[in-house]
Each structure stands twice: as C-alpha cells, then as structure tokens.
C-alpha cells in the first residue's frame, strides 16, 4: 500500500476547478517531483492534499484513510508536513521558536527531534537565538524545512524549495532533501528546476491543465523526448 | 521640595495610573489586531461591561455582608475577569466568527464591532440607566498621606489605596503576559499567528484555539482595565467609550500587533496627557522671587488648557500616523 | 432591481403615512425635514465610502463645522463685539498665527542653509513650540476679553441669509476635508477610520471650548430660518397648528429641492466617465495607478465632495432646530448612525443611501416612543401579576434606540451585507 495515493482528484477555490483528475502514488522511500508549465496545478495539488482548498471529487488516501478536505491541524499529527513556497518562516521569532512551532501538535518531548534537525542543519544551531527574519534566503529555507520536520512527518511536501536561491544553495537544498528521504521520510515536491530535480526523483509527474500528462521515474521522464521537448525546454 | 511632591502627586501618580489603564486596554486591542487583523472598537464595551460585572459582584458581596481587607472591587476582580472572558468569547462566536467564516473584509468586521458597541452600550444603559455608580458606597476609599515634612515639604504625598493596588496588579499582569508569550507553547503560537497566520495554520497550530485564547486575554484584561478605571473615578455606561480613542492611540503609537508596544504606548499617552495639562506655575513659583517684575509667571502656565486633555492623545495619534505609521515597535503597517 | 426599489420606497411611504396618522402631523413633518438633511449627509458618505472606498469616521466633525458655519453667517450681528476692542485683538492673534506659521515653514526649509538631519527635526519642533506660544500669547487675552461683558460675550453672526450659511458650511467643510484628506488619505483603511475619529474629536473639543467664536456650551439660539417661521404665518391670520404645518412644509420643500438637485448632480457625474474612474480606483487601486490615474488626487477630490454635502446637511439641521449646541453632538448620533444608514440602504447606490437615511432616521426616532409603549405594556402586565412595575420607563426607553441601531447594523451585515438596494454592478467591457 502506498504512503499516499491520489485518485482522480478534482478541486479548486470555488468556481471552475483547477485540478481535473490528478492521480499520484508515493511510497515512503520515494522522492516524488511534480513538474509542468505555469498554471498546471502543481502547487494546487499540494494545497489540495493539505486541505487548503476544496476537493470536490476523487479521494486522497493517506495511510489507508481518505483525508480529502481535512484541515492542517488534523493532518500534521497524522504525519503530513508542508513547506510553502513563500513566507515560510515566522520572521519575528527566533530560529528555535520557529522549530518549536513545527512541533505544536506533538504532546510528547520533542528535544530529540530538535537535535536531529540541528544535526541536519548545523548552521541553525549556531543561529538558534536569532530572529528568523535576519537570516539569508538559503538559511530561511532550512528553517522552513526544519520546522516542517519537527512534527516527525512520514511525508514531507515542499513547494518549490529552490525558488529564489543561488545555484550553490539549490544544490545544497536538493542534497538535504535526499538525506531527509534516506532517514525514512517520503518526499513530494513541486519544482521549477525540473531537470535537476527529476535527476534524483524516484517518481516524476508531469501535470498540464490540472491533469497528469506523463508519469514515470525521474530518469524515464528525462529520457522521454516528448517530455523533454514540451516540458523541460528541449 | 513642596513643588517636587506636588509634581509627583499631579503628574507621576496620575500619569502612571492613567497609563496603566490605557496599557491594559491597548494590549487587548493590539492582540486582537495581531491575530484577527481588525480594529476592535467594541473593546470599550468589554471594559465597561467588565466593570459592571465587577460592580454587580461587589454589590452582591456587600449584600451578603462579606467584608474584605482590600477594596471589594479588587477581591471580585478575578471572578469578573473570568465572566468577561466568557462574554468576549460569546461576542466573537455570535458576531465576528460568522463574518470571518464568510471571508468578510477587516472593514466589515470593524463596522460589526461598532454594531456590537452600540448594542452593549444600549443594554448597559437599559439596565443601569445613564447615571454613575461608585464602588465605594458601602466602604471607604482609603487615602494614604505620607507626611514629608522631614524632607522639607509642606504637602504630603497622596495616593489612594486603589491606585497602589492598580499599579501593582498591572505590573503583575504585564509580567504574567510576558511569560505567557515568551515561555508557553500557546503564547508562542499566538505570536506565530500574529506573525504569519497562514504559516501558523500550515504548521498545524490550532488557530481556532489561538483565537479563543486571544479573546479570553483581551476580555480579562479589558475587564481589569475597566474595573480599575471605575475604582479610580466612577462607574458609568460611557466609562470606556470616552477613552477608547486614547487607547487606540496607545496601541497604534506602540505599533499595532505588538504587546510590549501597547504597554509603552499606554504609559506614553498617559503621561503625555497629564503633562500637557499640568500647571507649571505650581512648580516654578519659587522662581518668582528671582525673576524681575515684568517676567512674573502667570497664574496658569499649562501647555494646553484642561478642556483639551483628551485632545492630546489624538494629536499624538495623528502625528504618529504621519511620521511613523508603524509605531515605535514596528507593528503591522500594511 | 427597479421593482425591488419601488417596493421598498412604497413601503417607506406607507410607513411615513402610518407615522403621520399615529404620531401626528407636526411630529412627522419635523422628522421628515430632518430625514432630508440626513439623506444629504448619507449621500456625502455614500460618495466617500460607496464610490471611493474611503473610510470616514469623522462625520460628526463635518456636521459640527456646518452647524458653526450657518450660525456664524445667519445669526444677527453682535454690535457690542464690533464696537469693542475684540476685532483688533483678533486681528493681532491672526497676525501672530501667520508669523507662527512662517516660523514653522522657515524651520522646515532650514536644510537650505545647511541644517539637516536631527538638528532640522529639533529646529522644527522648536519652531512649532515657539509658533504655538506666540499664538497662545495673543489669542488667550483676546478670547478672555471677547468672552467678558465688554467684549460682547462672543463674536456673534453676520446676519446673512441662512442659505448662504449652508453654502458656507459646505465651503468650510471642504476646506477642512482638504486638510484632513491631505494628512490622512495615504493611510490604510482602519488607520484612516481611527485618524478621522480623532480629528472629529479635536474639532468637537475646539468648537465646544472656543466660547468666543461659537459660544461653546452656552449655545446659540434662535438661529433664523431660510423660509418663513410659523410666527410669520400666524401673523397673517392662520391658527397655531396650521401655521406650524405651513412653515414646516416650506422648510421641507426647500430641503427636498436641495436634495433633489444634489441627487441629480451626483447621479449624472457617477454615470459619466468620472464615476467609472472612481469605481476603477476603488475596485483596483493598483491597476488604476498603473493606468496613469492620479489615485491620491482623485481620492482627495471624492473626500472633499462628500464632506461638502455633510457640511451642508449639518448646517440644514442646525438651522431647522434653531439652536447650535456643541455638547449635543455625539459620535453615536452623528457618525455611526450615518454609517448604518448607508450600509443598510446599500453602499454605492444613491437610491440605497437615500432610502437607508430616511428609514433609519424614522427607526431612530420612533424606537423611543415604541419601546416606551412596549415597556408600558409589559409594566402593566407585570404589575397585574404582582411583580411590580418597570422603574424609570422614560429614561430606559430613551436608551433603547442605541441598542436598536446596533441590532440593525449587525443583522444587516450578517444577512444583507450589500444593503437593501445594492450597488448595480455594470459589466463594462
């Protein structure tokens, strides 16, 4: 049984649906990457899973249970976590407080998890008393990922984690994502740097007009001449 | 020395008392703004309503013959604060929550809060009439006079018992609020939501719970402010309605959304008001002996006439909005 | 849509007839004159909020300015003031004001001679202080003199025609709106609301306490009418009640003519290019800016236009009741009431604002006698049951209208957020 399975999901913000039947399945060991043109419904898919918009058709099964239209405060304890693309840190709060907010739903002691996050991002330990708003773009992205990992998720969803970062940081973030995956966290992410991301993806989904166009492993999609021509810029 | 004591009585004590009341009111307004993003006008009615709840409780205590060592108003304050918090939750559930659910703009909520102001104001007047009440009808208001002849003052230092308690209680509550916001998980969640409501939701923070806690704190502190104001002066239906603008001024001067800013802003406005109407001749009178005849001080030398006391807050407000709209503590600007 | 409006206005007409029948014609005719003035004020707010999306919570200030203006223009001349030293002293105060203003201006330009940064700020603050002291040093004795018996108590009026006073009310309100708008219109909505309330409170404090200019809490009366007074009709042989009715009808006619002219003018303007531009600015600030519209200038225009109507309406009310009493002005009665009128009627629609103004004014005035009747009824009932009568019915029913107003607005926001006669959204291509 896959960790998460989307079956023919239809949804939008009221009015005409943006998603017109999206299918997806991710295992715990997978790194899934969603690519596609602007307005294809990539970010919308993540938001639909996370209950941030209305799902009007299809099912989203997570751990064998339909979670369509559940709200984040119910989903986070179940093991889902989401890193939005923009404004993804609490700028006025310290790095450590940001991480604590990620563990808000956990009643147990989370100091072990925080240690784990600090080991993954040593620079955050150094800056833990600093307001997150004072950090650089790449460091903020680390805070955002760290925050999302604090709930010990089994599936981490990232919306364009490399957006606005310098090439050096893009590589670093992608490496971190693979490391997180090796620690047993399934990944589902939307990426603009499609070629780079598909290179390490175990599953790739090409969306267009709110529907799956191509599905396969990352390598398969890169190799497919049609995908390369239409969606990866030749 | 006499002059210094006079200054302390007239400016330091009154300014501090007024500042405490403004600060407690402004904290509620600033928290509600931070979390729910609208200017809550009906806060004045939470204050007045809270004061009337405390008054009813105090009257009940007096009727049952319970005698307390400190003014009954302070003894019943905790119970009144709980009831006021429930009232605040009820108002939110009844009037604001349905509008929020519909996705109404902050402006609509602001207008709704004026509707709530009118309704509560109408109800209070309906039940209590337009007259004023005193907490000290059955018990004396104790006044402490410290004779300072030893340091050469002919005037005593005067402070009333409610004023002493008021300053203490405000200090303790502000300290408690500080620890709540910086140490507790829920307090941090409140700051997180004020910082970035969408991200707070995504993090799994129970935003409905945070909203409830905000109303509880706002209602309780509002009740505290209203009751203490009523203890210092008298209780009347437009008790807080008249000072809601200085309180807004305090919140804006401190930076909307910033709890510490509200405290600083409250004290600032409180002192500014008392200093502006203070008659400097009373302090500078000894100078008359050395000044030449043509420069003698006039009998009243105040920056603004007493009638314009409340206007001072508005002027500060307007100047702040012009010069630094984010306030001293950089609150929400857009 | 049109049918709905006609039905609503028809209902309103029936309500007025009913009111005339139950409460009597003298009462009803008075209320109608006031309703016309309030309709004018509500139209002013509708221009600001409905058309422009500007949040003016300082309506009370503009009404007071209008009232003070009509008092000044139309009240008879005070010969004692003009014979005394008052005018000369006021002239000196004006001069001091001008000099003070010059000092402030000079300080603000001090960077020309090399004073910048903190020093300039300090100098500006000092200049404000000096200017303020200079003005106070002249105005305080002048005010004290004029307020004394020798000075005439206050400056009195000019003895002009009241309609001139209404116009002056509009002009004065426009001038103040211009200053307020210049200061505040850049602010975000809720800050604008609070800033305008603050300014209207400052205006109230000034008018209330500048006894030499407005007579403050001592109040001014009787202020003349623009139309013949009941006494004039009585002198020509009518009996008391007919004369009263005739005089009020005359005033009502004048008010309705003013209202009709204003309605016609703004409806025309709103249907034209000007109105389209206003809607564009309100609905999409950024797009309008990028299309090269000078948004701030247009908003200032709208703010001033709306305030003119408020000034005129405020002046009409004062002329009608013949007394200018600054302490009778309250934010609830003179700011919030107008807001409820516009929102319940339908912001953005002139007929909606007109309907809301008349309806709400009638509700406002009848809720007191109505609740008194209800209380009386309940009281007799409870007395029969031996629970005793409701105490102080008179005072309590007077407070009911505040509650009713709050109830109306909360219900409207919940169930008809766009008003009873909503704005007609035209699909423009």
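The values are calculated or read from the model by the stated rules, or taken from the named source; none is laboratory data. Computed from a predicted structure; not experimentally measured. Positions of Cβ are generated from backbone atoms using ideal geometry, with glycine treated the same way; all protein chains shown enter the neighbour counts.
The table for this structure:
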{"item": "Filter result for residue C:366 (closer than 26 Å to residue B:97 by Cα, crowded, with 18+ Cβ neighbours inside 10 Å and away from chain B (no Cβ under 11 Å))", "result": "no"}
{"item": "Members of the range B:66-83 found to be under 15 Å from residue B:169 (Cβ atoms) and in a helix (DSSP H, G or I), listed by number", "result": "B:72, B:73, B:74, B:75, B:77, B:78, B:79, B:80, B:81"}
{"item": "Candidate set: the range C:393-421, residues that are more than 18 Å from residue B:111 (Cα to Cα) and facing chain B (nearest Cβ under 7 Å); chosen: the one surrounded by the fewest Cβ atoms within 10 Å (Cβ to Cβ)", "result": "C:395"}
{"item": "From the options A:180, A:95, A:170, A:143, residue that is in contact (Cβ under 8 Å) with a residue 40 or more places away in the chain, surrounded by 17 or more Cβ atoms within 10 Å (Cβ to Cβ), more than 12 Å from chain B (Cβ to nearest Cβ) and farther than 22 Å from residue A:3 by Cβ", "result": "A:95"}
{"item": "Residues that are within 14 Å of chain B (Cβ to nearest Cβ) and either touching a residue at least 60 places away in the same chain (Cβ under 8 Å) or within 11 Å of the chain's Cα centre (by Cα) (or both), drawn from the range A:39-52", "result": "A:43, A:46, A:47, A:49, A:50"}
{"item": "The range A:60-92 - residue that is farther than 17 Å from residue A:141 by Cβ and in contact (Cβ under 8 Å) with a residue 60 or more places away in the chain and, of those, farthest from the other protein chains (Cβ to nearest Cβ)", "result": "A:64"}
{"item": "Per-region count, the range C:74-90, residues in contact with a helix residue (DSSP H, G or I) (Cβ under 6 Å, 6 or more places away or on another chain) and either within 14 Å of another protein chain (Cβ to nearest Cβ) or surrounded by 23 or more Cβ atoms within 10 Å (Cβ to Cβ) (or both)", "result": "2"}
{"item": "Of all residues in the range B:61-110 being out of contact with any helix residue (DSSP H, G or I) (no Cβ under 8 Å at 6 or more places or on another chain) and under 25 Å from residue B:141 (Cα atoms), the one that is surrounded by the most Cβ atoms within 10 Å (Cβ to Cβ)", "result": "B:78"}
{"item": "Answer from B:247, B:252, B:316 - the residue that is within 12 Å of another protein chain (Cβ to nearest Cβ), surrounded by fewer than 23 Cβ atoms within 10 Å (Cβ to Cβ) and assigned to a helix (DSSP H, G or I)", "result": "B:316"}
{"item": "The range B:98-128: number of residues that are within 8 Å of chain C (Cβ to nearest Cβ), part of a helix (DSSP H, G or I) and within 14 Å of residue B:36 (Cβ to Cβ)", "result": "8"}
{"item": "Residue in the range A:20-37 that is crowded, with 21+ Cβ neighbours inside 10 Å, in contact with a helix residue (DSSP H, G or I) (Cβ under 7 Å, 6 or more places away or on another chain) and assigned to a loop (DSSP other than H, G, I, E, B) present", "result": "yes"}
{"item": "Any hit, the range C:245-265, residues being in the same structural domain as residue C:326 (by TED's automatic domain parsing), at pLDDT below 85 and either in contact with a helix residue (DSSP H, G or I) (Cβ under 7 Å, 6 or more places away or on another chain) or farther than 30 Å from residue B:255 by Cβ (or both)", "result": "no"}
{"item": "Residue within the range A:25-38 that is within 19 Å of residue A:161 (Cβ to Cβ) and without any contact (Cβ under 8 Å) to a residue 12 or more places away in the chain present", "result": "yes"}
{"item": "From C:101, C:96, C:68, residue being at pLDDT 90 or above, assigned by TED's automatic domain parsing to the domain that holds residue C:204 and surrounded by 12 or more Cβ atoms within 10 Å (Cβ to Cβ)", "result": "C:68"}
{"item": "Qualifying residue in the range C:224-233 (condition: part of a helix (DSSP H, G or I), crowded, with 16+ Cβ neighbours inside 10 Å and more than 18 Å from the chain's Cα centre (by Cα))", "result": "yes"}
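Results for (1) crowded, with 16+ Cβ neighbours inside 10 Å; (2) at positive phi; (3) free of Cβ contacts under 8 Å to residues at least 40 places away in the same chain; (4) away from chain A (no Cβ under 14 Å), shown as yes or no for each residue.
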{"residue": "B:148", "(1), (2), (3), (4)": "yes, no, no, yes"}
{"residue": "B:183", "(1), (2), (3), (4)": "no, no, yes, no"}
{"residue": "B:189", "(1), (2), (3), (4)": "yes, no, yes, no"}
{"residue": "B:200", "(1), (2), (3), (4)": "yes, no, yes, no"}
{"residue": "B:207", "(1), (2), (3), (4)": "yes, no, yes, no"}
{"residue": "B:211", "(1), (2), (3), (4)": "yes, no, no, no"}
